[in-house]
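The block underneath contains the structure these notes are about, expressed in structure tokens.
The values are calculated or read from the model by the stated rules, or taken from the named source; none is laboratory data. Because the structure is predicted, anything quoted here is derived from the model rather than measured. In this analysis, Cβ positions are derived from the backbone assuming ideal geometry, glycine residues included, and neighbour counts consider all displayed protein chains. In case anyone asks, the SASA skips ligands and DNA or RNA and just uses the protein heavy atoms, side chains included. Shrake-Rupley method; radii C 1.70, N 1.55, O 1.52, S 1.80 Å.
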Amino acid sequence: MTERQSLFDGYLTKHLSHVADPFRFRKRTKAHLAYNYMSLLPKNKDARILEIGPGFGEWLELLVAEQKYTHVQAIDVSQEVADFCNNIILGSTSVVEDTQTFLKQHAQSFDVILMFHVLEHIPKQQIPGLLAALYEALKPNGKLLIEVPNMANPFTGLNFRFADFTHEVGFTELSLQYVLQSAHFREISIFGPRILKDHYKRIPQTIIRMIVDGMITIIFRAYATRRPRVISPILSALAIKSEHISQLRG
């Protein structure tokens with residue numbers, strides 16, 4: 001095990017569980033995922049779906065136990081993560097030492113790959129190779145779905161970037177678009193996830209965000225800088241592999 005891999009050995013208990021209680025927020029996280037992303041997934045329940053970095057297993061539980069997808073698997077570098085997720089969905093998660101090698105061994109295997117709050121943990125020099133391997137692992141018309149913290153938000157970006165010692169890089173919509181295009185994805189949509197309207201407390205949250213967004217616009221104008229299009233705390237990306245493999249190097 002490398003020094004870097006050892007950082008993730010106890011990641012759930014040493015860090016992530018202090019950020020979000022895995023049981024208290026499980027229902028809310030699943031509702032967020034369903035509200036923002038389920039419409040982007042295949043209707044075919046036999047679609048092959050891979051999740052990289054499943055964390056507390058919310059995607060796995062949502063897809064397998066609730067949505068009844070039949071071919072869902074997850075991989076992670078952490079045995080702790082794998083053990084936790086396998087307690088949620090038995091046999092769902094495997095430990096892999098090298099994600100890029102795993103992807104190369106599964107060329108054109110997946111209809112969807114999910115990578116939520118993982119890309120920011122990858123060393124910058126490794127990101128192009130990883131994204132290229134993700135592209136190769138997708139079937140034609142396959143979809144890559146990503147979430148990362150948004151560094152363009154001046155109120156949350158720095159905290160997201162540096163509160164987690166294992167974060168290696170930060171993204172805005174422009175840098176995320178750039179690396180995805182560099183990996184030969186052509187159909188790319190980058191957006192901010194919507195606030196889930198599941199409780200009356202979401203009303204003041206929505207109003208406050210509208211006010212803050214206005215403040216951010218004023219701040220950028222004061223510095224004579226163009227305001228980023230997406231300033232939500234989280235960036236979402238949907239990237240689709242070209243239908244024809246011949247377009248790969250086009």
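Observations on the structure shown:
- Accessible area per residue for the chain, computed on protein heavy atoms with a 1.4 Å probe, is 53 Å².
- Taking each residue as 0.36 nm, the span from ASN87 to LEU174 lengthens on full extension beyond its C-alpha to C-alpha distance by 27.5 nm.
- Here's the list of lysines a cross-link from LYS30 could span, going by alpha-carbon distance under 22 Å and ignoring same-chain residues fewer than 8 apart: LYS43, LYS45, LYS68, LYS143, LYS197, LYS201.
- Modelled spin-label separation between PHE155 and SER182, with each label point placed 7 Å from Cα along the Cα-to-Cβ direction: 3.2 nm.
- Linear extension gain, HIS71 paired with ILE207, 0.36 nm per residue minus alpha-carbon span: 44.9 nm
- Per-selection Rg to Rh, the chain - Cα, Kirkwood hydrodynamic radius: 0.95
- Take every pair of alpha-carbon atoms less than 8 Å apart whose residues are at least six positions apart; their mean separation over the length of the chain yields a relative contact order of 18 percent.
- Counting only whole DSSP H helices of the chain, the ones at least 18 Å long by C-alpha along their axis and with mean Kyte-Doolittle hydropathy no lower than 0.5 are 202-222.
- With every protein chain in place, the chain: carbon and sulfur % of accessible area (1.4 Å): 57
- With K and R counted +1 and D and E -1, the other residues having a Cβ less than 14 Å from that of VAL230 yield a net charge of +2.
- Near MET115: Cβ cut-off under 10 Å, other residues only, Lys/Arg at +1 and Asp/Glu at -1. The net charge is -2.
- Cα centroid separation, region 32-79 to region 173-240: 24 Å.
- Across all directions, the average flat footprint of the convex hull enclosing the Cα atoms of region 152-250 is 8.9 nm².
- Most tightly packed first, judged by the mean number of other beta-carbon atoms within 10 Å of their residues, the peptides 96-105, 197-206, 35-44 read 96-105, 35-44, 197-206.
- Nearest-0.05 FRET efficiency for ASP46 and GLN105, computed from C-beta distance (R0 25 Å): 0.70
- Model label sites at ASP98 and ILE218, defined 7 Å from Cα along the beta-carbon direction, differ in position by 5.3 nm.
- Summed side-chain charge close to LYS197 - residues other than LYS197 whose Cβ falls under 13 Å, Lys, Arg +1, Asp, Glu -1: +4
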